[in-house]
1. Would you check if Val107 is of a type in the set (A, V, I, L, M) and modelled with pLDDT under 85?
2. Quick check: anything in segment 75-83 in a strand (DSSP E or B) and at pLDDT 70 or above?
3. Looking at segment 32-43, can you tell me whether even one residue there is under 14 Å from Tyr74 (Cβ atoms), modelled with pLDDT of 80 or more and within 21 Å of the chain's Cα centre (by Cα)?
Amino acid sequence: MISMTEILDKQSLKALGGETRQDIIKLLTQRPHTASELSKKLNKHVTTITEHLSMLEHSGIVSKKDDGHKWLYYSLTLKGEKLTKPKYYAWTIVLALSGIAILGGVVDLFSYNSSIQNLAKETAQAAGDTGGATVAEPFSSGIWLILAGIILVGIALLLKKKG
């Protein structure tokens, strides 16, 4: 697995600095392109595009595929994909949401239980009951939040394993 420090080295940052190179990367996220296709789409001369592709290739963001045919296709490397596709980091967002859901569920349970206990005491006092009256508690929304958080943790772990 490639770490973030390996991805954002000095060459990569320099390669990402040019607007044309950024446009090339955006197009390559869609599918592999030839230099002439990129030059037409970006309204730049093919030699200019080739120079930019060379820099991107040297930084390890782009690779060219020579399959013995007439055209050379350029595509993003794994390093380039990790820079451009947020799906590799989607698991962190899902994990954060799961933590928020679990925390919200716990807070809801505590506030719900304390309000139920206060209601039980008030009801017992109003009825003149000095014993420990209890009130049957319905299923709290806090339980649902905690369950949703646990499910989101599972989804986050699956996403991390995939990415």
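1. yes
2. Within segment 75-83 (the criterion being in a strand (DSSP E or B) and at pLDDT 70 or above), the answer is yes, since at least one residue qualifies.
3. Looking through segment 32-43, none of the residues is under 14 Å from Tyr74 (Cβ atoms), modelled with pLDDT of 80 or more and within 21 Å of the chain's Cα centre (by Cα).
The values are calculated or read from the model by the stated rules, or taken from the named source; none is laboratory data. Values in this document were obtained by computation on a predicted structure and should not be read as measured data. Using ideal geometry, Cβ is built from the backbone for each residue, glycine included, and neighbour counts are taken over all protein chains shown.
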